[in-house]
Amino acid sequence: MLPLRSCGRWVAVSLAKPHLPSWARFSSDSPAPRTPHFDVLVIGGGHAGSEAAAAAARCGARTLLLTHRVETIGQMSCNPSFGGIGKGHLMREVDALDGLCGRVCDQSGIHYKVLNRRKGPAVWGLRAQIDRKLYKQNMQKELLGTPLLTVQEGAVEDLILEEAEPGHPGKCRVSGVVLVDGSAVYADSVVLTTGTFLRGMVVIGLETHPAGRLGDQPSIGLAQTLEKLGFMVGRLKTGTPPRIAKESINFSILNKQEPDNPSTPFSFINETVWIKPEDQLPCYLTHTNPKVDEIVLENLHLNSHIKETTRGPRYCPSIESKVLRFPNRLHQVWLEPEGLDSDLIYPQGLSVTLPAELQEKIITCIRGLEKAKMVQPGYGVQYDYLDPRQISPSLETHLVQRLFFAGQINGTTGYEEAAAQSPPCIAGCDPKSKQTKQKQLCLSSALDVLKYEEVDMELLAKAVPEPLKKYTGCRELAERLKIEATYESVLLHQQQEIKEVQRDEALQLPRDLDYLTLRDISLSDEVREKLHLSRPQTQSSANQVSGSV
């Protein structure tokens, strides 16, 4: 008999399963009845979890969304905005696959703007300031009204494992989870969208305390389980700016940015957004100055978040990182409203984790904020992530069958990146297809849907919303034709490149291929190790592994 951690207690597991982890919790070991049972179980109600749960339910799977608190589903933990350069493209792709975030943004935005308008259409970036309260309300309304989707509060402590299905990679198979209260929930597939909660730690100055975000407890037991299973676990950090009282800011001396008129919606099914341009709120621009640099550089010893070797997000650096990397420069600070009836302003570009009193000094050094009042200090979060080379393109893990990772657990950052990892073709439908033997849905083009037997033009016609059926119009169609004509020569050149990629994608590689012992081809030990970890399924995927070509 071997001891096992489960729900804070020690339980015994028989040695009759020597090929599975000796510490693992198995379904046969639990005295709890095998109920309730779902097709798909999604852990976490953030942006990845919301999209994954809704997508699975739309595919016909009996789905459970398990979250610490139902009231925090759809919560925007950091910036009050969606979209931007590159991110706006992701939003459109999620919407094209019937995702939720684009439609919800069209119902919740308070400032819509297309960035990069002075450049070519290919790099336009749709962006919107979002009312935090409205977004959360509308997202919860969407999820709670989705057929086949059940939402339940609970914290996961452990995974329930079974013997691996023969003929498929993986040393075991997940069949459910154990909650902190000792109860069990069973499912054919489990999707982990834990965000910053895996062993999360909040940092302000030299003070740290366990939390997934301010006010929410981290997930410790689940992180330990994943590590014991053999997953490669890393550590990342991110941060958020302080919040400032709106009435304490002198907006009259700042650069004002108005929203676009007309507003461009995120969702293809919407002709316009819920709010008129004249009712939207402006944003304001200010900058840091040498005094800010001075405060930061003199007090780095009081910032454990910066002193740590943990990596931070590339595209959302803290003000400390910017001062260290780009000394003697002015840095933009966008003052963004948090809602129509909110008294808070979000200073985008001022993410900081210094002690609260120093954050106040930094704020009052900035033009327009000389008399500003800080309502909530900025803080950093350090958390576990899982090396993304341990998952397949469907986001299923190599080590554990039917276990999927989506969102920040894979090392990404940002609302849009999280949501885009969970459209129906990835973490939503694939867990369902594992249970129903459906053909795995994987799209590289919108026209690829016609390759599937279940999809035909008649079905697509029925799926088209009524506004688009009546669409004759002229401004959007003319703009589309103009863009395609502008890029015609580039598109022709890319068609050849696409064919080459498609050729490599058609070359399937065995999932059980042993790159470490393969001697028929000449590969360095470094490349063999990388291929062994990433387990590419096609020649195209193998070509993308650094050092392989």
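Numbers below:
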item	result
Wholly within the stretch 437-549, helices (runs of 4 or more DSSP H) carrying at least 1 residues that are exposed (fewer than 11 other Cβ atoms within 10 Å of the Cβ) and at pLDDT 70 or above	474-486, 488-506, 525-534
The stretch 348-393, residues that are hydroxyl-bearing (Ser, Thr, Tyr) and free of Cβ contacts under 8 Å to residues at least 60 places away in the same chain	Thr364
Any hit, the stretch 382-401, residues being within 14 Å of the chain's Cα centre (by Cα), surrounded by 22 or more Cβ atoms within 10 Å (Cβ to Cβ) and more than 27 Å from Ile319 (Cβ to Cβ)	yes
Residues that are closer than 23 Å to Glu51 by Cα and either in a loop (DSSP other than H, G, I, E, B) or of a type in the set (Asp, Glu) (or both), drawn from the stretch 176-213	Asp188, Thr193, Thr194, Gly195, Thr196, Phe197, Gly200, Gly212
Top-ranked residue of the stretch 214-237 - restricted to ones that are touching a Phe, Trp or Tyr at 6+ places or on another chain (Cβ under 9 Å) and farther than 22 Å from Pro388 by Cβ, ranked as modelled with the lowest pLDDT	Leu214
Selection within the stretch 327-359 - in a loop (DSSP other than H, G, I, E, B) and over 20 Å from Leu302 (Cα atoms)	Asn328, Arg329, Leu330, His331, Glu338, Gly339, Leu340, Asp341, Ser342, Asp343, Gly349
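Matching residues to (1) modelled with pLDDT of 95 or more; (2) surrounded by fewer than 24 Cβ atoms within 10 Å (Cβ to Cβ):
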site	(1), (2)
Ser22	no, yes
Ser30	no, yes
Arg34	no, yes
His37	no, yes
Ile43	yes, no
Ala57	no, no
Leu66	yes, no
Gly74	yes, no
Asn79	yes, yes
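The values are calculated or read from the model by the stated rules, or taken from the named source; none is laboratory data. Keep in mind it's a predicted model, so treat the numbers as computed, not measured. So basically every Cβ, Gly included, is an ideal-geometry build from the backbone, and we count neighbours across all protein chains shown.
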